[in-house]
Amino acid sequence: MSGLGAIRTATGGIGQHKMQTVVIAVVLLVSTASATLGFTLLATVNAPFARAFAADRGADATVTVNSARAGAERLAATRGLAGVTAAAGPFAEATVVLRFGGQSLGPRTLAGRASPGGPVDDVVLSEGHWPDGPGQVVLDAGPGGGPGYPGVGQHVTVGGAPGVRALTVTGFATSITKTADGWVTPAQAARLQVPGTPRAAQMLYRFASAGGDAQVRADVAEVARALPAGAVSAAGSWLTEERISAGDGAIMEPFVVALALIGLAMAVLIVGNVVSGAVIAQYHRIGVLKSVGLTPAQVVATYLGRIGWPALAGCLTGVAAGSLLAEPVLRDSSGIYGIGRQQVPWWAPAAALAGMLALTMLAASGPALRAGRLSAVAAIAAGHAPRAGRGYLAHRLTARLPLPRPVSIGLAAPLARPARTVVTLAAITFGACAVIFAIGLSSALNRAEQSQTLAVAAPVRIELDDPHGAPSAAQDAAVTAALRAEPGTREEVAVYGGPGGGAKLAGVASDLNVEAFGGDASWLGYAMIAGRWYRAPGEVDVNTAFLTVSGLAVGDTATVDILGSRGATPVTVRIAGEVFEPSSNPWLLASTRTLRALGTRKDLQGYDVGLRAGTSAPAYIRAVNQALGRGNPWLAVPVPESPFYEIATALIGLLALMVAVAAGLGVLNTVLMTTRDRVHDLGIFKAVGMRPSQMLTMVVCWIAGPAVVAAAIAAPAAVALTTATMHAMAGTVHTGVPGRFTQVFGPSRLALLSLGALAIALAGALLPATWAARARPATALRAE
C-alpha cells in the first residue's frame, strides 16, 4: 500500500471514535489552560516590583518641598547634582480629604501633572483618561478602584479646600513608588491648596546609587543641602514600597506555586494516560491495517497524526482559555502589588503549547512504536483483551465475598490493567488532594483574615478625617458619647499610639510600632501564636518580628522607651504572648495602664467598635456620623477589606476546579478504555440477563476501589500540604502561625471532604457507565 493511501485509510477512523477524540481534545484544553495559568502565576510572583520599577522608571526618592522657600529655578538646578541621573517636577502638591457615598476615602495627597509620562515615575493609566481640565482627578488604584471607590465618571467631595467642593473621577492609575494618591491638572492642584498651610511641591529623583536606605538618605541630604534651609519638608524612599510589595507578593508565592505545580503535574499525568491509552486501544485496528500492508513507520506516523490533530485543537483552545482566565487574576494582583497593568508573559502560553504538544507526542510515540514492531496477529491479540491471567485471582477472591455479583466483578476489574489503574489512582488522588487542599487553605486564610483585619469582631472604626485639624476635648468626648448612645454598640475601645512608631528598644535599630488600648481589648480577636493576651498592668503582647529582632521570648522582660507626646518614658514590661501580626516591623500591644505615657488626648488614634448581632454596619456608621455632625474631625468608617485574601481565595478555587476537572476527565478516559477493552464481556453479560442497573453498578465499581484508595491517600496529603503552605506563607511575612489556623480539618469534616475522591471518580465514570448500561447485547458484540 502506498504511504499516502495507507495514511488516508488509517486516519479515516477518527470519525468512528468521536468520544475518544473529544476526550483527547478536552483533556488537552483543560491541561493546557491549567499550564498557561500556572506559568503565568509563577511569572507573576517572580519579582513583579523590580520589573515594573524598571519599566516605569520609578522614583528612587519623592521629595516634598516648601515652594515658598525654594522656587522652580532652584529646584530645577538640583537636576545637575552629582549622583542625580533623572528628575521630574516640580509638581504642585495638596493634601485634602476625599469622600464618596457618605464615606471617607481618607486624606489624599494629589499632585498636579499635565501628563502621566516623564523621565521619572511613568504613571500607568489602567482605566479612563488623564485629567485635561478643571474639576477632574485620577485616583491611584487598579482598574475599578476597589471596594468603596467611585467609578469612572462619578464624583468625590473635597474637604479642607474651600475653593473646590467636588472632583470628577476620570480614571485610575498606578505609580510604582506611590508618589501621590491621585493626580489633577497643575492649575487644579494650585486651587486645592489649603489656606494657611505652606504651598508644597514634589520633586522626583533617580540616583546613580540608591540600593540601600543609607544611600537614599545620603542622596536626599545632598538635595537638601542644595536648597535653602528648611525647604525639604519630607522625603519618601522607593525601598519602602519595594518592601511592601515584596511582602504582599511573597505571601502569595507558596500557595500559587503549590497549586500551579499540582496543576502541571496533573496535566502531565492525565495527558500521558489519555494519549497512550488512546493508542493502545487501537491495537486491534493497527493489526488489521498491518495485515493490509502498512509498514511499521506508517503505523507510527499514522497514529501520531491521529492523536496530534485533536491534541493540537485542544492545546490551541487551551492557550486561549488559560490566557483569558489569567487576565482577571493579573488585574487583581496588580492592585495588590501596586504595579499597574500586568500582561500574560509571551512565554507562558508558548511554553504551555509547546510543552503539551511535546508531551502528547512523547506519550503517543511509545505505544505507537511498540505497535509498529508487532506483527499483525500480535497487534490484533493485544488489542482484543488484557494479558491472560491478569485479575483472575482477584475475581475468584471477590466472588467469595457476600456482595452482589455485579459489584464483585467491578471491584476485581482494575487488576486486569494494573498500570492503567495506577495512573488513574494517581489522577484521582491529585484531584481529591487539590479539592481538600483548596477548602482547607481557604478556611485557614479566612481565619487569618479575621485575625489580621479584626473585621468580624470590630467591623467599624472611628478615625480622624481631617489631616489639617486637631480635635478638641469636646469633640473627643462627643465620640464616646455617640458610641455609647447607639443601641448597636456592643463593645468599643480607644486606641492610642505615639509618634514615629511609638517606642524604642535597646539594641534594636528600628522603631517599635505600639498600640495602647484604653480598656478591655481582648474581644478584638487577635490570634495568639504562643502565650496569652495580656491581663494585668506591666504585661504586653508582641508579634513574631519583635521576638526575632530582640532575641527575647514569651515570658521574658524588657525595658522599652515609650515615645509619647510628653517625650520618652522608660517602661519595664513582661511579654505575655506572641500575637499574629504579619509584618517585618516589630509590634507591641498593651493597655494604657501599662503604657501610661501614651494615654493622652494627643496620642489618641481612634476607636475600634464591635456591633451587636443583627446590627447593620452601614446603617450604624451613618447614625454615628450624623450624631457627630459635620464639624467633628472624627469619622466612623468600615474596616477595609484585604484584597489579598479575596484574590487568594478566588485563585485557590479556580485552580482546584481545573485540577478536579482534569482528574474527572482522566477517570472518564480510563473507564471508556476499560469499557472498550471489555465490550465482548459486556455483550455476554447483557445476553445472559444482566439488567441495565446492574451493568451501571458494575462499571461504576470498576473505579470505586481506586477512588477509595485515592481518598485514603489524598486526605492526609492535603492536610500536610495545607499546614506546610500556611507556614511557608507566614514565613514570608515574618510571623508564626497560630495553631487554630491550620487545625481546620475536624475528623468528620475530613471524612466528608474525602468523599471528593469518590465524587470525581463517579463524575468521570458516569457517562461511559451509562453507555454500557444502555447498549444492546448485539450492539456491544458488533462493537468488538
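The values are calculated or read from the model by the stated rules, or taken from the named source; none is laboratory data. No experiment lies behind these values; they were computed from the predicted model shown. A quick note on method: Cβ atoms are made from the backbone with ideal geometry, for glycine too, and the neighbour counts reach across all protein chains shown. The protein model used for the area step is the full one, side chains on, heavy atoms only, and it has no ligands, DNA or RNA in it. Shrake-Rupley method; radii C 1.70, N 1.55, O 1.52, S 1.80 Å.
State whether the residues of region 109-116 include one that is modelled with pLDDT of 85 or more, closer than 30 Å to Val624 by Cβ and either in contact with a Gly (Cβ under 8 Å, 6 or more places away or on another chain) or open to solvent by less than 40 Å² (accessible area, probe 1.4 Å) (or both).
Looking through region 109-116, at least one residue is modelled with pLDDT of 85 or more, closer than 30 Å to Val624 by Cβ and either in contact with a Gly (Cβ under 8 Å, 6 or more places away or on another chain) or open to solvent by less than 40 Å² (accessible area, probe 1.4 Å) (or both).
Yes/no per residue for (1) within 23 Å of Ala265 (Cβ to Cβ); (2) open to solvent by 40 Å² or more (accessible area, probe 1.4 Å); (3) in contact with a strand residue (DSSP E or B) (Cβ under 8 Å, 6 or more places away or on another chain); (4) at pLDDT 75 or above:
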residue	(1), (2), (3), (4)
Met658	yes, no, no, no
Thr675	no, no, no, no
Lys686	no, no, no, no
Met698	no, no, no, yes
Cys701	no, no, no, yes
Ala707	yes, no, no, yes
Pro716	yes, yes, no, yes
His727	yes, yes, no, yes
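Within the bounds of region 454-462, is there any residue that is open to solvent by less than 50 Å² (accessible area, probe 1.4 Å) and within 21 Å of the chain's Cα centre (by Cα)?
yes
Starting from region 428-449, take each residue that is closer than 30 Å to Ile703 by Cβ and list its partners that are open to solvent by less than 10 Å² (accessible area, probe 1.4 Å) and among the hydroxyl-bearing types (Ser, Thr, Tyr), counting only C-beta distances under 7 angstrom and pairs at least six apart or across chains.
Final answer for the pair search is Phe437/Thr722; Gly440/Thr722; Leu441/Thr722; Leu441/Thr725.
Name the single residue, out of those in region 204-216 being modelled with pLDDT under 90 and not in a loop (DSSP other than H, G, I, E, B), that is least open to solvent (accessible area, probe 1.4 Å).
By that ranking, first place goes to Val216.
Within region 550-572, can you find the residues that are in contact with a Leu (Cβ under 8 Å, 6 or more places away or on another chain) and either modelled with pLDDT of 90 or more or among the aliphatic types (A, V, I, L, M) (or both)?
Ala553, Val554, Ala558, Val560, Ile562, Val571
Under 6 Å between Cβ atoms, which residue pairs at least 6 apart in sequence (or on different chains) link something in region 472-495 that is part of a helix (DSSP H, G or I) with a partner that is aromatic (Phe, Trp, Tyr)?
Pairs found: Val479/Trp634.
In region 148-164, is there at least one residue being at pLDDT 85 or above, over 30 Å from the mean Cα position of the chain (by Cα), open to solvent by 50 Å² or more (accessible area, probe 1.4 Å) and closer than 30 Å to Val639 by Cα?
The answer is yes, given that some residue of region 148-164 is at pLDDT 85 or above, over 30 Å from the mean Cα position of the chain (by Cα), open to solvent by 50 Å² or more (accessible area, probe 1.4 Å) and closer than 30 Å to Val639 by Cα.
Please pick out the residue among Ala43, Ala50 that is open to solvent by 50 Å² or more (accessible area, probe 1.4 Å), small (Gly, Ala, Ser) and either at pLDDT below 60 or within 38 Å of the chain's Cα centre (by Cα) (or both).
Going through Ala43, Ala50 in turn, the sole match is Ala50.
Yes or no: region 567-588 includes at least one residue that is open to solvent by less than 20 Å² (accessible area, probe 1.4 Å), small (Gly, Ala, Ser), under 13 Å from Phe517 (Cβ atoms) and in a strand (DSSP E or B).
Scanning region 567-588, I find no residue that is open to solvent by less than 20 Å² (accessible area, probe 1.4 Å), small (Gly, Ala, Ser), under 13 Å from Phe517 (Cβ atoms) and in a strand (DSSP E or B), so the answer is no.
Give Ser443, Ser408 a once-over and let me know the one that is part of a helix (DSSP H, G or I) and modelled with pLDDT of 80 or more.
Exactly one residue qualifies, and that residue is Ser443.
Kindly indicate which of Ala348, Ala379, Ala364 is farther than 29 Å from Ala710 by Cβ, open to solvent by less than 40 Å² (accessible area, probe 1.4 Å), touching a Phe, Trp or Tyr at 6+ places or on another chain (Cβ under 7 Å) and at pLDDT 70 or above.
None of the other options fit; the residue is Ala348.
Check whether at least one residue in region 636-643 is open to solvent by 30 Å² or more (accessible area, probe 1.4 Å), in a helix (DSSP H, G or I) and within 30 Å of Cys433 (Cα to Cα), and report yes or no.
yes
Given Ala189, Ala201, Ala235, which one is more than 29 Å from the chain's Cα centre (by Cα), under 29 Å from Ala77 (Cβ atoms) and not in a strand (DSSP E or B)? Outline the logic, then answer.
Working: Ala201 fails: not in a strand (DSSP E or B); Ala235 fails: not in a strand (DSSP E or B).
Going through Ala189, Ala201, Ala235 in turn, the sole match is Ala189.
Can you tell me which of Ser616, Ser591 is open to solvent by 20 Å² or more (accessible area, probe 1.4 Å) and either on the phi > 0 side of the Ramachandran plot or polar (S, T, N, Q) (or both)?
Ser616
Evaluate the following for Asp466: is it farther than 18 Å from Arg601 by Cβ, at pLDDT below 85 and crowded, with 17+ Cβ neighbours inside 10 Å?
The answer is no for Asp466.
Right, Pro537: over 20 Å from Ala457 (Cβ atoms), in a loop (DSSP other than H, G, I, E, B) and open to solvent by 60 Å² or more (accessible area, probe 1.4 Å) or not?
Answer is yes for this residue.
Given (1) modelled with pLDDT of 85 or more; (2) in a helix (DSSP H, G or I); (3) within 21 Å of Lys178 (Cβ to Cβ), identify the lone condition not met by Ala76.
(3)
Being open to solvent by 40 Å² or more (accessible area, probe 1.4 Å), basic (Lys, Arg) and without any contact (Cβ under 8 Å) to a residue 40 or more places away in the chain: is that true of Arg99 here? Walk me through how you get there before you give the answer.
On the way: open to solvent by 40 Å² or more (accessible area, probe 1.4 Å): yes; basic (Lys, Arg): yes; without any contact (Cβ under 8 Å) to a residue 40 or more places away in the chain: no.
The answer is no for Arg99.
Out of all the residues in region 217-224, is one or more assigned to a helix (DSSP H, G or I), charged (D, E, K, R) and open to solvent by 50 Å² or more (accessible area, probe 1.4 Å)?
Yes, region 217-224 has at least one match.
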